[in-house]
Amino acid sequence: MSNVSFSLGQGQIALISGASGCGKTTLLRCINGLIPRSYKAELSGQIFLNGIDYRDKSLSNISQVVGTVLQDPERQIVGAYVQNEVAFGLENLELPRAEIVRHVDETLDYLGIAHLKHRETFTLSGGEKQKIALAGVLAMRPDILALDEPLANLDPASVQDALALIRRLADEGKTILLIEHRVEDVLSIKPDLTLHLQDGHTSYLGPVDGLLKDADYHAVKLPAPIVIARSKGRNATLPPAMSPASETAEALIQIEDVSFNYDGGPQILDHVNLTIRQGDVIALLGPNGAGKTTLAKHTIGLLRPNSGRVLLRGQDSREMTVAQMARTIGYVFQSPRHMLFAPTTREELAFGPRNLGHTEQDIQIDTEQALAVVHLSAEIDRPPLALSFGQQKRVSIASILAMRSAILVMDEPTAGQDFANYMSFMDSVVGLGVTEERPYSFSAILFITHDVDLAVCYANRVLIMGSGQIVADGPPPQVLADFDLMQRHRVIPTSLLKANLDYLSRTGQFMRAEGLATVQENE
Amino acid sequence: MLVNWAYIKRDTFFHRLDPRARIIFMLCALIALGFIPGRGTGFWDMRVVLVFLGLAFLQIIVARITWRQMRRFWIIITIVAVMLSLVTLLTGRGAAGVYDPSMEHVIGSFKILGLSIVLSAERISYLITQMMRIMTFAALSVVIPYTIDPALYGIAFKGLGLGDKVAYAMDLAFRFIPTLGRDMQIIMDAQRARGFELEAGRGTNLLQRIRNFAPLLIPLTIGAVVEGEEISDAMDLRGFGVGKRTWLPRLTYQTIDWIYIGFGVLIVAVGIVAKRAGYGGLWIPPWLYG
């Protein structure tokens, strides 16, 4: 990172955006003091917090001025219980016990989560963890809050809650540095300043309006009406929209009356019925804890139903091992951390196909192709564990692509990735027929996502899950038009969805914003 | 993030004891049974071991820990105990100092897989006693994680005389164990989804066999290291480790805690006296000489 300068007043919000690897997190670490104290780095220039240069002060001094909420609350929470977690920083400041208790209670009340006080932290939902992580920092009463991608792990309704809270904190005098590549979502809280970084340089610094006008809408996700207005006359070539699979198409996966719960735990799947047919591209939406991942794990036999059955091409999953099912189904896990192990990316990608007994010649071709699709050809001889998180996620996806499965199941494939990268890889994976840009043609795809726009752009069938049941199942224009039902299940309509619904009588199908621009132009 | 042990809040005599008293008692019992120097470190008289085993299970019963909670733990411990004991039996090694190999009362011998195995009264007694000792160590330890409120780990270690930093580190280390277990499960699933099947026996040499575990062990190790770094960042950012700290939870000894600790110390003292007097060596049931 070089030559970055900006200043922010009390009670203001700065939005710091940019693609993964642009230096957002590095900037944050310079401000909160981890650089150069925990990470060795060459730091020049000056950083003033409340007008004071903290260069020679300790981290605990800085932590009372800047509170940092890390990208993933999972990585921040150290306490076993909520109360201990929120008290942690105050304990370190050696405050008297009574004062700690008071601060903890006040903070929990302020965030409306007093009821969580005695819960074990690891049992909380994603949105709750986020709030606890924030509470742990707020309890220390810092003037400045640095939030690193606070929206990344939340379902859409929790995103709205978090944003409203951030606005309120700013209104009450906290100064907020908000790192987020979901620019569109953040616009609703009207940041006072935006800083867009590219390769460690400032590519834009100023009010939001300028960013909306200037930023490349392929790299930064902007509101649909703005993209429609700006892309007019560009005649973007878009992949053809997908029509729903035929109802008589071959049934690939049949989930019949499946119920599931962990040993003595609550019912996670409750009599679920679902048939996935040849040609289905399914977006699975719903709040955290609705049972989406549990359902997906049943398709590859990682979990077996307590009652009911799962058929893969007509064969009962109970009669097959996971390794056998992996010949047909490629399953991309949420976190890449749990699978990467090989010394080189090439070896990593070859692992799956080798287990399946593919020939070395095929493996080589499939490996190179899969890496090209996720834009990582240059990293083929590097150790995957040395790559950035976003890159690791793409390696994990490529590892599954290289297995050439007939069916692809992905659990939040776009989480932690920037817009340009995930759109490009979705373009490469989802679609019908093989083209030069898209060497894959899956018989069926199912992806779990919190991103409604992903469903709008890529799915030909949308499922919404709530409390262990499928509450809606149909083509996107039908399911995603029922705002009441969506909101009941914490799915929030986006600007792209609304624009699509406005145009639906003319288009007859959903498309991305640039497509809508073409439609508008032709009228 | 760190997962807690399957602690279930219960109101039993054992749960009401101060966590420090429970830990001190455990350490006393472990030392008395296993670490007092003499002929064969600790006690090898299976009658004495049986008393310890009884005490350990009494704790488990009083604390009302269910079989369901401990099932996995016991499966692993049984495998370890059986493997260790069989190795001793097969090789005849590992018993150094407990009995005199030149004076064995051989009962018989047989050949298995080309190895000739000698069965003697000493070896059989040693085998049984060793298994009982491992089970006792396990039973004494297992009550700790299942009965101590995770919120009290840090303050308990602090109260045992460790410094702030070390006490908190112990707290984290304690919770790292179930976290590794959970991570292992996820990693196993992720690799099975890539067609991986654990065939530990595949391959001709040891190196190849170890390599078969790489897809599981590398993500587990790297994950643990990364998680460790993240936790340390998160703690730094909240001012940990720069000075003295307050501990929110509080612990106070009651009379019963002192009695419990006293009982533990007594066991060690009696153990030392008995070992000094030459008791506690390997006991061989008379009928084995038969």
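The values are calculated or read from the model by the stated rules, or taken from the named source; none is laboratory data. Treat the numbers as computed from the prediction; the structure is a model and nothing was measured. So basically every Cβ, Gly included, is an ideal-geometry build from the backbone, and we count neighbours across all protein chains shown. Note: accessible area is taken over every heavy atom of the protein model, side chains too, but ligands, DNA and RNA are not part of it. Shrake-Rupley method; radii C 1.70, N 1.55, O 1.52, S 1.80 Å.
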Out of B:Asp171, B:Asp257, sole residue that is farther than 30 Å from A:Leu349 by Cα, more than 7 Å from chain A (Cβ to nearest Cβ), open to solvent by less than 30 Å² (accessible area, probe 1.4 Å) and in contact with a Gly (Cβ under 8 Å, 6 or more places away or on another chain): B:Asp171
Across the range A:86-99, what is the number of residues that are open to solvent by 10 Å² or more (accessible area, probe 1.4 Å) and touching a residue at least 40 places away in the same chain (Cβ under 8 Å)? 1
Exactly one condition in (1) without any contact (Cβ under 8 Å) to a residue 40 or more places away in the chain; (2) open to solvent by 40 Å² or more (accessible area, probe 1.4 Å); (3) more than 21 Å from A:Ser5 (Cα to Cα); (4) within 25 Å of the chain's Cα centre (by Cα) is false for A:Arg29; which is it? (3)
Testing B:Trp5 on (1) among the aromatic types (Phe, Trp, Tyr); (2) modelled with pLDDT of 90 or more; (3) not in a helix (DSSP H, G or I), one condition comes back false. Which one is that? (2)
In the range A:50-72, which residue that is more than 8 Å from chain B (Cβ to nearest Cβ) and under 27 Å from B:Phe174 (Cβ atoms) is surrounded by the most Cβ atoms within 10 Å (Cβ to Cβ)? A:Val69
Listed by range, helices (runs of 4 or more DSSP H) wholly within the range A:1-100 having at least 3 residues that are in contact with a strand residue (DSSP E or B) (Cβ under 9 Å, 6 or more places away or on another chain) and assigned by TED's automatic domain parsing to the domain that holds A:His196 are A:24-32
Consider A:Ala249 against the criteria (1) touching a residue at least 40 places away in the same chain (Cβ under 8 Å); (2) surrounded by 11 or more Cβ atoms within 10 Å (Cβ to Cβ): it satisfies all of them except one. Which criterion is unmet? (1)
Quick test for you: out of A:Ala296, A:Ala323, A:Ala290, pick the one residue that is of a type in the set (A, V, I, L, M, F, W, C), at pLDDT below 90 and in a helix (DSSP H, G or I). A:Ala323
For the range B:50-61, give me each residue that is touching a residue at least 40 places away in the same chain (Cβ under 8 Å) and either surrounded by fewer than 15 Cβ atoms within 10 Å (Cβ to Cβ) or touching a strand residue (DSSP E or B) at 6+ places or on another chain (Cβ under 7 Å) (or both). B:Leu50
Only listed residue being more than 7 Å from chain B (Cβ to nearest Cβ) and either at negative phi or buried (at least 20 other Cβ atoms within 10 Å of the Cβ) (or both), chosen from A:Gln83, A:Gln76: A:Gln83
Considering residues that are of a type in the set (A, V, I, L, M), within 14 Å of chain B (Cβ to nearest Cβ) and assigned to a loop (DSSP other than H, G, I, E, B), the number found within the range A:374-395 is 1
Residue under question is A:Ser495, and the condition is that it be of a type in the set (Gly, Ala, Ser), touching a residue at least 40 places away in the same chain (Cβ under 8 Å), in contact with a helix residue (DSSP H, G or I) (Cβ under 8 Å, 6 or more places away or on another chain) and in the same structural domain as A:Phe389 (by TED's automatic domain parsing); does it hold? no
Filter the range B:260-290 for residues that are loosely packed, with under 12 Cβ neighbours inside 10 Å and assigned to a helix (DSSP H, G or I) and give the result. B:Val270, B:Val273, B:Pro286, B:Trp287
Check whether at least one residue in the range B:36-47 is surrounded by fewer than 19 Cβ atoms within 10 Å (Cβ to Cβ), in a helix (DSSP H, G or I) and more than 14 Å from every other protein chain (Cβ to nearest Cβ), and report yes or no. yes
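Residues checked against (1) in contact with a Cys (Cβ under 7 Å, 6 or more places away or on another chain); (2) at pLDDT 90 or above:
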{"position": "A:Val4", "(1), (2)": "no, yes"}
{"position": "A:Ala14", "(1), (2)": "no, yes"}
{"position": "A:Ser20", "(1), (2)": "no, no"}
{"position": "A:Lys24", "(1), (2)": "no, no"}
{"position": "A:Cys30", "(1), (2)": "no, yes"}
{"position": "A:Tyr39", "(1), (2)": "no, no"}
{"position": "A:Ile47", "(1), (2)": "yes, yes"}
{"position": "A:Asn50", "(1), (2)": "no, yes"}
Which of the residues that make up the range A:472-485 are in contact (Cβ under 8 Å) with a residue 24 or more places away in the chain and within 20 Å of A:Gln160 (Cβ to Cβ)? A:Leu480
What single numbered condition from (1) in contact with a Ser or Thr (Cβ under 6 Å, 6 or more places away or on another chain); (2) facing another protein chain (nearest Cβ under 9 Å) fails to hold for A:Leu349? (2)
Could you pull out the residue among B:Leu84, B:Leu152 that is within 14 Å of chain A (Cβ to nearest Cβ) and not aromatic (Phe, Trp, Tyr)? B:Leu152
Out of (1) touching a residue at least 24 places away in the same chain (Cβ under 8 Å); (2) surrounded by 13 or more Cβ atoms within 10 Å (Cβ to Cβ), the odd one out for B:Asp189 is which? (1)
Here are A:Ala152, A:Ala146: which of them is closer than 22 Å to A:Arg29 by Cβ and open to solvent by less than 10 Å² (accessible area, probe 1.4 Å)? A:Ala146
Residue ID - nearest to A:Ile255 (Cα to Cα), chosen from residues in the range A:326-373 that are part of a loop (DSSP other than H, G, I, E, B) and among the polar types (S, T, N, Q): A:Thr328
Could you list, in sequence order, the residues of the range B:239-254 that are within 7 Å of chain A (Cβ to nearest Cβ) and surrounded by fewer than 19 Cβ atoms within 10 Å (Cβ to Cβ)? B:Val242, B:Gly243, B:Lys244, B:Thr246
Search the range A:310-331 for residues that are on the phi > 0 side of the Ramachandran plot and pair each with any residue that is open to solvent by 10 Å² or more (accessible area, probe 1.4 Å) when their beta-carbon atoms are under 9 Å apart and the residues are at least 6 apart or on different chains. A:Arg313/A:Glu250; A:Arg313/A:Ala251; A:Arg313/A:Thr328; A:Arg313/A:Ala406; A:Gly314/A:Ala251; A:Gly314/A:Gln254
Taking only pairs six or more apart or across chains, which ones have beta-carbon atoms under 8 Å, a first residue in the range B:218-238 that is within 7 Å of another protein chain (Cβ to nearest Cβ) and closer than 28 Å to A:Phe351 by Cα, and a second residue that is open to solvent by less than 40 Å² (accessible area, probe 1.4 Å) and β-branched (Val, Ile, Thr)? B:Pro219/B:Ile187; B:Gly223/B:Ile187
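Matching residues to (1) in contact with a Lys or Arg (Cβ under 9 Å, 6 or more places away or on another chain); (2) not in a loop (DSSP other than H, G, I, E, B):
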site: A:Thr435; (1), (2): no, no
site: A:Phe447; (1), (2): no, yes
site: A:Val456; (1), (2): yes, yes
site: A:Val471; (1), (2): yes, yes
site: A:Ile492; (1), (2): no, no
site: A:Tyr503; (1), (2): no, yes
Quick one: count up the residues across the range A:1-19 that are touching a Gly at 6+ places or on another chain (Cβ under 7 Å) and crowded, with 17+ Cβ neighbours inside 10 Å. 1
Inspect the range A:360-373 for any residue being modelled with pLDDT under 95 and within 12 Å of chain B (Cβ to nearest Cβ) and give the result as yes or no. no
